[in-house]
1. Hey, rough spin-label estimate for GLU122 and THR246, points 7 angstrom out along Cα→Cβ, what's it come to in nanometres?
2. Tell me, in nm to one decimal, what length is gained between LEU182 and LEU529 on full extension, where the rule is 0.36 nm per residue of separation less the Cα-Cα distance?
3. Run the numbers for HIS559 and GLU309: contour at 0.36 nm per residue of separation, minus the present Cα-Cα distance, in nm.
4. Grab the Cα-Cα distance for ALA170 and VAL145, subtract it from 0.36 nm times how many residues apart they are, and report the gain in nm with one decimal.
5. Skipping prolines and chain starts, which residues have an amide H placed within reach, meaning under 5 Å, of the one on PHE414, given they are 5 or more residues away or on another chain?
6. Rank MET113, MET314, MET435 by accessible area, highest first, at a 1.4 Å probe radius?
7. Give me the distance between the Cα centres of region 349-375 and region 561-597, rounded to whole Å.
8. Say the cut-off is 25 Å between C-alpha atoms; which of LYS167/LYS273; LYS164/LYS186; LYS165/LYS310; LYS186/LYS273; LYS165/LYS186; LYS164/LYS310 go over it?
Amino acid sequence: MDLYEIRGGKLDVITEEAENQDLSRESNTMEPYKVASARGGRATRDISTLQRFSVGTNESLRFERCEDSPPSPTGAEDGLDDDDDDDDVFREGETESEIVMTRNHLQGKVAEMENFAGHLEEIFLTVEENFGRREQHLEQHYNDVLQTLSQRYDERAAGLEEEKKSKLEALYRQLLACGQALDASKELIETAQEIYRSRDKRLFLKTVMPTIKRSAPSAPVINPQMPNSATQTSLRVCWSLFSDDTVEYYELYYRPVLEDMPADSTCAPHESKVKVKETHCTVTDLLPNAQYELWVTATNTTGISPASEKALYMTVPSPPVIKQRECTSCPEAALIRWESGNTNPVDSYNVELSEMGTDGTESGVTESIVAVPTCQCLIQLQTGRRYLISVRAVNIGGPSDRSDVIIVSTTGTFFHLLEETAHPCLSISEDGFTMFYGDEELSISAMAFDDNTFTRCVAVLGDLIPVRGRHYWEVEVDDGTEFRIGVAYVDTERSSYLGANNTSWCMRHILTPTRHKYEFLHNGWSPDLRITVNPVRIGVALDYERGTLSFFNVDLEQHLHTFHCHFQSYVHPCFGLDNPGALTVHNSIEAPEYTFT
């Protein structure tokens, strides 16, 4: 077996084989001895050829034949020789076992070194692979940085080029004005010389003094923006000149103000200019709900005045967008919600409403609720009417155009299901009036909960307008569906069942093997009631003033149960399903006469 080099030397092949050939220089064959027992016995045994060997550092294992000895004439000597031979054999056997152990040990070391070499090779390959990926990543990052720097350089260069161009144009205008001033000075000098030659000193002074007093105009003063002086795309700007300077024309400069633009940015918004002769101007082609920076200069034959201080003007906002799904109503009022849709702040909102005629057209009489500070408004209305309602946004520039009009009816209580409160197993229809509980069971990990969704009870809240008074709606449920319907406070526990706490009141339907069971739950307690006819359409009547919540079988006009409670705050309709099925809410319904008697 070949071994690796150890400390510069080589351990040659160890060969263990009995050679039955002539190893002596005299070509004598070694005969086996018959060794007598040390105890004087006659038994003999064959001893294999005994050979001396030596192991050199750089030479192979060498065996030498033992010298033949003549038989001893005495038995004692023979016995002694036999004992020496036995000792040699034992020593040879021990040496062979040591060689085997050393060989095995060296083989183990060689195997460990091979494993270590393989491990080093794996580490080298891993390091090489990681280095390659890192090199590729650094190269990509380097290219990205170069590209970004190139883009920024181009942008800065373009900005500097524009700035250079504008400054050169301004310098050119100043040079023209300087040339005109030189021409005027030349004419003035010639006129003065002619007058002086006339030798009439009084006439000379009378003619020269107004000219001496004449100079470039002083800086104009731009006026603050006046209310209702703008539209979505235009601004009316006014300024004044507090001196008797002669002005040939004014130049009004303006540019939009971008909130997200850095102060040190060279890519400033485009600057526009209007040349007028009056002290007022209407600027057009502007953006809605945008701030503009304006300043003005005055010019005469002598030169250009310094620029006025900059003033901020605003165009009027864009029309708001009414969120119809979040608007609710009842027989006495309506709650309208909208969103501004403008990036810049709006000072207030105006809500406009007009009653809708029987033929579906607007009556022509429009009422306005002005200075509404937030994006919602509670409007007091008359019962049993239909209204057209719209909203305008207002800032210093004036009111925006009217938003899209919505129709609000006050025949009954109207609301939608609040999808943001629904348990993840529920699906809400597009119109916001029907909830579905599917057969497919979702794992807890697949459900998306937040602080406002129900987590244990498969339920959802409805949005009820916060108006003290009477409210009525109806619920339609399949015959084989277990459900919970009622009302709850907005802060009712989302990890609790409806009716199991003191913040919710509900009617519960349970299917048993023998009958339909109904419970009217509040704080986990229900009276012992038995309903013989299973209601398919259930009416719910809420009376804040009397503190009652009643349930009715609509088909039979039958009273089922009434909770008596002093509601400390406004409540929301609540709906839950305890097994797969569907539940539909019918609202904006006029309450039957028997519900509040």
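The values are calculated or read from the model by the stated rules, or taken from the named source; none is laboratory data. All of these numbers come straight from a predicted model, not from anything done at the bench. All Cβ positions, even for glycine, are placed from backbone atoms using ideal geometry, and neighbour counts span all protein chains on display. Surface accessibility is based on the protein's heavy atoms, side chains included, excluding ligands, DNA and RNA. Shrake-Rupley method; radii C 1.70, N 1.55, O 1.52, S 1.80 Å.
1. 9.9
2. On the way: separation 347, 0.36 × 347 = 124.92 nm, distance 10.79 nm.
Full extension of this stretch gives 114.1 nm more.
3. On the way: separation 250, 0.36 × 250 = 90.00 nm, distance 7.54 nm.
Separation in residues times 0.36 nm, less the Cα-Cα distance, equals 82.5 nm.
4. Details: separation 25, 0.36 × 25 = 9.00 nm, distance 3.69 nm.
Full extension from ALA170 to VAL145 adds 5.3 nm.
5. So PHE414 has HN proximity to SER329, CYS330, SER588.
6. Working: MET113 115, MET314 25, MET435 0 Å².
I get MET113, MET314, MET435, largest accessible area first.
7. 30
8. Details: LYS167/LYS273 15 Å; LYS164/LYS186 32 Å; LYS165/LYS310 22 Å; LYS186/LYS273 32 Å; LYS165/LYS186 31 Å; LYS164/LYS310 22 Å.
Long pairs (Cα-Cα over 25 Å): LYS164/LYS186; LYS186/LYS273; LYS165/LYS186.
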